[in-house]
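The structure appears right after this line, and notes come after that.
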Amino acid sequence: MERRAIITGIGVVAPTGIGVREHWEATLEGRTRITPFDAGGVPLRAAGRVDGFRPRDHVKNRLMIQTDKWTWFALAAGRLALDDSGFDPAGRDPYGISVVTASASGGNEFGQREIQALWAKGPEEVSAYQSIGWFYAASTGQLSIRHAFKGHCGVVVADGAGGLDAMGQSLRLLRRGGEAVLVGGTEAPLTPYALVCQADLGRLSPGADPERAYRPFAPDADGYVPGEGGAMMLVEEAASARGRGVRGYAEILGHAATHDAHHHERAAPDGRQYARAAELALERAGLGPEDVDAVFADGAGDPDSDRAEAAALARLLGERASAVPVALPKTMVGRLYSGAGALDTAWAALALHHGVLPPAVGTDPDAGTRGLRIVTEPTAPERLRTVLVLARGAGGFNSALVLGRAPADEEGAEEGGRFNV
Amino acid sequence: MRRIAVTGIGAVAPGEPGRERFWDRMVEGRPATRGVTLFDASQMRSRVAAECDFDPIACGLTPQEVRRNDRFGQFALVASAEALDDAGLGRDDLDGERTGVCLGSAVGATMRLEEEYVAVSDGGRHWEVDGSYAGPFMYPVFVPSSIVSEVAVKFGANGPASLVSTGCTSGIDAVGQGARMIADGEADVVIAGGTESPISPISYACFDAIRATTPANDRPAEASRPFDADRQGFVMGEGCAVLVLEDLDRARARGAHVYCTVAGYASRANAYHMTGLHPDGVELAEAVARAMDEARVDPGDIGYVNAHGSGTVQNDRHETGAYKRALGPAAYDVPVSSIKSMIGHSLGAIGALETAACALAIDRGVLPPTANLTTPDPECDLDYIPGEAREARVGHVLSAGSGFGGFQSAVVLSRT
């Protein structure tokens, strides 16, 4: 019997809140969580920051000094996801439970602090934890240790597409015999050296108004706003979820990734490989473009990339491209790099669970949206069974994830997560 | 069920670049370790390295490729080109949409990140760094998956593409993940491997801080001593290996030379400590056992084990324990060696270099030795092929790796 991947727990640490309930409530409020931000000399004046995050609530002191904020976010979101799922690892085979995270830039603040100590003072001032605090695998490693998960653990780096690829890895791991995967991605990119690096791409929005700085698909879109945080989810094999009487939020039906192989920086204008990622993901889910009820778009926020995405959606959906609702709740938080694919997956799972698509902010339909029907209010479409989540990474990474409603429950099974959000 | 062939190998290894120079070194048992030349290491506790004598232009890269890519990216482009050439696959021979890329790196563009940091911070004087001093192409160093894009663009790969960054098992994990892309039908050809260029002040300072690297600076050629009683830590290395993985049926149909198949792969986590290892090696043994299961081999079928053998006191002991647990009595019969004795530990690259050495060992009938093994350690009592390479025709080879974060991975390669 085919093994199936059910999202049974969601943990969010993002500008929309800490915890899935706070996050979904903020989502329905439909106002931006991007705030003014002083980026020093970098041409950026707004960012999506996690508000009210007290590291000590989530990470012991001893561990805090060994880890970057990016890992604190992952640890916090990981525990929130496990709590939300009600999944108890006790008595289960530890080799059957994995951790997979996406990371784009690792421990930026931690790394900058240690490299400053080296160059300003000398090698003896570098922390004994530099070898484990900055590198891309740190969050997966720490999550694995904290929860004693000994399965096949992974770290995916694919810029903004990585979070979605990590979700795809969870599906593959479960199909190969795993029982559960704690999976997602977080990012903490708002530190000085990290911002200098991001500025280099030339796509940061210079806008000072948080409500208008990041407007994907607007004809005059002038860039994106970076954000911090992300999400972790517990993805559980269906039999395990059923055995606990938990229905879960949604099912992961298929994943595919392609590469533009076009240019080291610019997306391929025709969107052909991007559309192909979506087609393949749908095919693997046993579905086709006609089954897509909503799309969570990548929404790069710069005209060239937006045009390429609109072209991809036109290729994929044909005449339906102007009718299928496009969800861009990321406009509330900014672009979260490794956190993006994970947070969008969480949003899509919540949408399927509640039957409500989250709104975008800052979109003016009259000003033009490249022919796309962007959702601007919380919306309950007539049919919401299959959702396509898309993500891209700089250099040409394209990733697509297909989610469906959680399988029909047996009598008495609980809906969604413990908090019944 | 699809089987995965290795049809091409490219390498930029310590010493001279190129697959054959790498293999010569393996057969001759000749360490490439020396005093660090890539930066002024006089303030460091460990001052030895296994460095690549690498001229990117001489190796075929263009000035713009050199400018866009940090050293580890340059390695990947050169080794990928050599691997594809070795496989007899030009750009026109590849079906782009069925060609994937899967590369590993533990620390990404650490060299260029550090170089640029020094300028923008003015030698660490300023926390609020000044971006006007940054060179071009900073975003690609910020997110290291850029090198995967470079390989995809250069060779026209439109299939699944990923950078795997699981610390010191990145190289072996990238090969394993690439093999699975083919097994799952997502690609027919995968450019898979690992690359690293960590020989820089911050990397040296961080491993000095935990005394993981060896302070045996007075005898650089003998500094990397896996399994030896006098081992004091690993020698930092750099380099890259790329393997062309291909569906075996397709490889045979086009008459490709097949080194071996990737018959089994598994990874587990020790969930114990970010750097520490328990002597019993239980989780590594589990990864080894699962990889052997997938390859349908018994311990007695393994003709050679390429060890992680980093040369730290704890690793070599941990690993020996793992092999005894996973292979049983056969652990005492099978030759085991660590090529880190010759090319140091290149973090996210080494797993790919070791897998390449295993493929070459099967293909060419020679098992690389463990160099510098002169005083046996009673706790490490297996046959580590001390000093000299050994001619042997083997059917199945096991390669294993361990890394910070607790990752434990194993791959089994088989003769076809």
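The values are calculated or read from the model by the stated rules, or taken from the named source; none is laboratory data. Remember, predicted model here, so these are calculated numbers, not experimental data. A quick note on method: Cβ atoms are made from the backbone with ideal geometry, for glycine too, and the neighbour counts reach across all protein chains shown. What goes into the accessible areas is simple: the full protein's heavy atoms, side chains included, and nothing from ligands, DNA or RNA. Shrake-Rupley method; radii C 1.70, N 1.55, O 1.52, S 1.80 Å.
Residues that are open to solvent by less than 20 Å² (accessible area, probe 1.4 Å), free of Cβ contacts under 8 Å to residues at least 40 places away in the same chain and either within 7 Å of another protein chain (Cβ to nearest Cβ) or in contact with a Phe, Trp or Tyr (Cβ under 8 Å, 6 or more places away or on another chain) (or both) within the stretch A:116-140 comprise A:Leu118, A:Gly122, A:Val126, A:Gln130, A:Ser131, A:Phe135, A:Tyr136, A:Ala137, listed in sequence order.
The combined condition, being within 7 Å of chain A (Cβ to nearest Cβ) and open to solvent by 10 Å² or more (accessible area, probe 1.4 Å), is fulfilled by B:Phe207. Anything in the stretch B:8-21 that is on the phi < 0 side of the Ramachandran plot and either at pLDDT below 95 or surrounded by fewer than 24 Cβ atoms within 10 Å (Cβ to Cβ) (or both)? List them, or say none. The answer is B:Glu16, B:Arg19, B:Glu20, B:Arg21.
Candidates A:Pro303, A:Pro329: the one that is more than 14 Å from every other protein chain (Cβ to nearest Cβ), in contact (Cβ under 8 Å) with a residue 60 or more places away in the chain and either open to solvent by less than 30 Å² (accessible area, probe 1.4 Å) or among the small types (Gly, Ala, Ser) (or both) is A:Pro329.
Taken over the stretch B:36-64, the criterion of being in contact with a strand residue (DSSP E or B) (Cβ under 8 Å, 6 or more places away or on another chain) and open to solvent by less than 30 Å² (accessible area, probe 1.4 Å) is satisfied by B:Val36, B:Ala41, B:Ser46, B:Val48, B:Ala49, B:Ala50, B:Glu51, B:Cys52, B:Phe54.
A quick yes/no check of all residues on (1) buried (at least 22 other Cβ atoms within 10 Å of the Cβ); (2) modelled with pLDDT of 95 or more; (3) outside any helix (DSSP H, G or I):
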position: B:Lys154; (1), (2), (3): no, yes, no
position: B:Asp173; (1), (2), (3): yes, yes, no
position: B:Gly176; (1), (2), (3): yes, yes, no
position: B:Gly194; (1), (2), (3): yes, yes, yes
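Of everything listed in (1) more than 23 Å from B:Ala209 (Cα to Cα); (2) facing another protein chain (nearest Cβ under 7 Å); (3) part of a helix (DSSP H, G or I); (4) touching a helix residue (DSSP H, G or I) at 6+ places or on another chain (Cβ under 9 Å), the single unmet condition for A:Ser144 is (4).
Could you tell me how many of the residues in the stretch B:257-301 are more than 10 Å from chain A (Cβ to nearest Cβ), open to solvent by 20 Å² or more (accessible area, probe 1.4 Å) and of a type in the set (A, V, I, L, M, F, W, C)? The qualifying residues number 4. Does B:His318 count as assigned to a helix (DSSP H, G or I), in contact (Cβ under 8 Å) with a residue 60 or more places away in the chain and surrounded by 23 or more Cβ atoms within 10 Å (Cβ to Cβ)? The answer is yes for B:His318.
Here the stretch A:43-69 is the region considered, the condition is being within 13 Å of another protein chain (Cβ to nearest Cβ) and within 21 Å of A:Thr331 (Cα to Cα), and the residue that is least open to solvent (accessible area, probe 1.4 Å) is A:Leu44. In the stretch A:306-317 there is no residue matching the filter, namely being open to solvent by 40 Å² or more (accessible area, probe 1.4 Å) and free of Cβ contacts under 8 Å to residues at least 40 places away in the same chain. The number of residues in the stretch A:160-180 being away from chain B (no Cβ under 11 Å) and more than 17 Å from A:Ala348 (Cβ to Cβ) comes to 4. Among the numbered conditions (1) more than 9 Å from chain A (Cβ to nearest Cβ); (2) touching a Phe, Trp or Tyr at 6+ places or on another chain (Cβ under 9 Å); (3) open to solvent by less than 50 Å² (accessible area, probe 1.4 Å); (4) farther than 21 Å from B:His345 by Cα, the only one that B:Val143 does not meet is (1). Picking from residues in the stretch B:115-132 that are more than 7 Å from every other protein chain (Cβ to nearest Cβ) and within 32 Å of the chain's Cα centre (by Cα), the one that is most open to solvent (accessible area, probe 1.4 Å) is B:Glu115.
Can you tell me how many residues in the stretch A:169-192 are surrounded by fewer than 24 Cβ atoms within 10 Å (Cβ to Cβ) and acidic (Asp, Glu)? Here the count works out to 1. Taken together, A:Pro269, A:Pro289, A:Pro219 contain a single residue that is surrounded by fewer than 23 Cβ atoms within 10 Å (Cβ to Cβ), away from every other protein chain (no Cβ under 14 Å), of a type outside the set (Lys, Arg) and without any contact (Cβ under 8 Å) to a residue 40 or more places away in the chain, which is A:Pro289. A single member of A:Asp88, A:Asp93 is under 30 Å from B:Val288 (Cα atoms), within 13 Å of chain B (Cβ to nearest Cβ) and among the charged types (D, E, K, R), and it is A:Asp93.
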